[in-house]
Amino acid sequence: MIGQVTSGHASRARADQIDTFLGQPTRRYTDGAVTGLPQAWAECDLIVSHLALGATTRILAPLLASKKADPGVVVIDDAGRFVIPLVGGHAGGANDLATRIAEGLGATAVLTTATDATGVPGLDTLGWHWSGDVAAVTRAILDGRPVTVRRSQPWPLPPLPATVRVLGPDDEEPVGVVARVLVTDQITEPGDLATVVLNPPSLVAGMGCNRGTDATALRALLEQTLEQAGLAIGSLAAITTVDVKADEPGLVALAAQLGAPLVTYAAGQLAAVEVPNPSAAPEAAVGTPSVAEASVLVHGAVLIVEKKRTPAATCSIGRIPARGRLTVIGLGPGSRDLTTPRAQQAIRQASVVVGYRPYVAQVKDLLRPGVRIASTPMGKEEERTATAIRLAREGNNVALVCSGDPAIYAMASPTLEQGTEGIDLEIIPGVTASLAASAILGAPLGHDHATISLSDLHTDWATILTRLRAAAEADLVTVLYNPRSRTRLHHLPDALAIFAEHRPPTTPVAVVEEADRPGQVVTLATLADFDPDVVNMNSLVVVGSSTTRYLPAGTGRTAMVTPRDYHWMER
């Protein structure tokens, strides 16, 4: 629950605006800050104070108890220019809320926690269960003192400064280390050094039970099973069972208590899985000889603890294999405000960034300290994708960056073609060059259109000519990628000659060079007077259809428009 304490008409209007872009209603406190702030403190998880920072501090100071229990508090100045997390920056979620509000208001988030200020990841903000001395270990990292990270499995880590050394499970502890981070799903004693234990969500508990078994009995069985195996309950990622138990009150309550999803599978799906310990009892009751073990396996986990049972319930444990992550990211046409927030966030979270050198340079300001960079020159696409896949398979969080959209003449298809089994993969779309150029020109892609690359490095010229003729005959607006280079001089004139056979000489043809970059140049012409010499490899050529035309727009602007043929518009 988010509460907003307002202090006047302007702040109430801003609170309405915040509700809109957060996508949820907030609880309002409008009877004055002296009453409203303490009331919100008692009732809400997060508080937005539309009051001066000092006044907010004085009212809330007597209420402070613990950073693990206090709500997060964000203060917004009266002009709506600055959003400041006051309390609970990490644990209370105030930093994240301040960032979201600042983005929505067009304001500046003032993050003063040391990790946010320096770009070092907060150990308590990774979304993993944690325990230990976060303050001491974080201070050692920030001070540049030697710290080690030891993983029992190759779970992906965020970027870490050079003074933090990542060890394998069997590596010896270096001399002089002052703090350490243990990444494990096993029960672990911290030892003498300042230590933080991180439990990644890697364990799956398969559970079956008699009707009416309560959450207390189920939790006792689960905790006993985990403890006997030396496994940490903080790493529990899911509870799995058969679908007829989806509404079993005890299982539903247990999942809610532990903050883990209850995932169910059909009895027939479970019955098809071979398990170590099948039983006639569940087969007679719910239609499958195994619930606990089979549901773990169907969930994609490796069975590491076979079925344990009580008279009322069964439990088995599986481990989701540790997998690296590869995110293929489209940066858009070049300007930062056309790189999506999702793409920017993925780059900030990456521990390794791979890409063509100019594209990596384009996002260097987003990279956190300790990020590894693997950049390659033009023409090394196969090497680039192979490197990204290999690094992900080694347990890294890898960002493979490319311009425009990764699935349009870019790196998504070669990445998938090389094979990405065994890693988590995400493709983040970007604003491709054709969309950027279309917006600059007006609306040339307002109706059916095609995109064709004139580069014959990967496609033979005869095939490209066949596609050009098809687009010309179909009267499609056509966007020509890779239209001209120092050695490919005849390709664009040949393409335009094909369009001239099917379109009038007055057909608009436009060029956008360096779209949405400082050197942007727009050239408007027709098929009859178009000069291919104005085109280079940083250009995009848009050939209109027979209905495309130039229209006046705005204040003295000429727009290239392909009518959508809306019947309600007067002709």
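Remarks
- Here region 486-523 is the region considered, the condition is being free of Cβ contacts under 8 Å to residues at least 60 places away in the same chain and over 24 Å from A470 (Cα atoms), and the residue that is surrounded by the most Cβ atoms within 10 Å (Cβ to Cβ) is E513.
- The number of residues in region 246-263 being over 22 Å from E223 (Cβ atoms) and either in contact with an Asp or Glu (Cβ under 6 Å, 6 or more places away or on another chain) or among the hydrophobic types (A, V, I, L, M, F, W, C) (or both) comes to 1.
- Long-range neighbours under 7 Å by Cβ, at least six apart or interchain, first residue more than 15 Å from P493 (Cα to Cα) within region 455-475, second of a type in the set (S, T, Y) and assigned to a loop (DSSP other than H, G, I, E, B): D475/S545; D475/S546
- Condition check for V522: over 15 Å from A437 (Cα atoms) and not basic (K, R): no
- Residue pairs whose Cβ atoms lie under 9 Å apart, sitting 6 or more positions apart in sequence or on different chains, and linking a residue in region 546-565 that is over 9 Å from P444 (Cα atoms) to a partner that is crowded, with 16+ Cβ neighbours inside 10 Å and among the basic types (K, R), are S546/R503.
- Residue in region 376-394 that is farther than 22 Å from S413 by Cα, in a loop (DSSP other than H, G, I, E, B) and modelled with pLDDT under 95 present: no
- Subset of region 476-485 (residues that are crowded, with 17+ Cβ neighbours inside 10 Å and not in a strand (DSSP E or B)): L476, N482, P483, R484
- Residue satisfying condition, being farther than 27 Å from D456 by Cβ, crowded, with 17+ Cβ neighbours inside 10 Å and not assigned by TED's automatic domain parsing to the domain that holds A162, within set R393, R372, R384: R393
- Within this structure, S438 passes the test of being assigned to a helix (DSSP H, G or I), among the hydroxyl-bearing types (S, T, Y), within 30 Å of E513 (Cα to Cα) and not assigned by TED's automatic domain parsing to the domain that holds Q349.
- Search result, residues across region 297-322 that are of a type in the set (A, V, I, L, M) and farther than 12 Å from T225 by Cβ: L297, V298, A301, V302, L303, A312, I320, A322
- Unmet requirement for R488, which otherwise passes all of (1) part of a loop (DSSP other than H, G, I, E, B); (2) modelled with pLDDT of 95 or more: (2)
- When residues of region 175-231 are limited to those that are in the same structural domain as V164 (by TED's automatic domain parsing) and among the acidic types (D, E), the one farthest from A140 (Cα to Cα): D185
- Taking strands (runs of 3 or more DSSP E) as the structural unit, those lying wholly within region 141-237 and holding at least 1 residues that are under 30 Å from E248 (Cα atoms) and hydrophobic (A, V, I, L, M, F, W, C) correspond to 203-209.
- Tallying residues that are within 16 Å of G80 (Cα to Cα) and among the β-branched types (V, I, T) within region 5-46 yields 4.
- Remark: pairs (first residue in region 136-160, crowded, with 19+ Cβ neighbours inside 10 Å; second residue part of a helix (DSSP H, G or I); Cβ separation under 8 Å; 6+ apart in sequence or on different chains) = T138/A114; T138/T115; V147/V137; V147/A140; V147/I141; L160/I141.
- Flag if V305 is assigned by TED's automatic domain parsing to the domain that holds L218, more than 30 Å from P414 (Cα to Cα) and within 29 Å of the chain's Cα centre (by Cα): no
The values are calculated or read from the model by the stated rules, or taken from the named source; none is laboratory data. Note that the coordinates shown come from a computational prediction; the quantities given were computed from them, not determined experimentally. Glycine also receives a Cβ, built like all others from the backbone with ideal geometry; neighbour counts cover every protein chain displayed.
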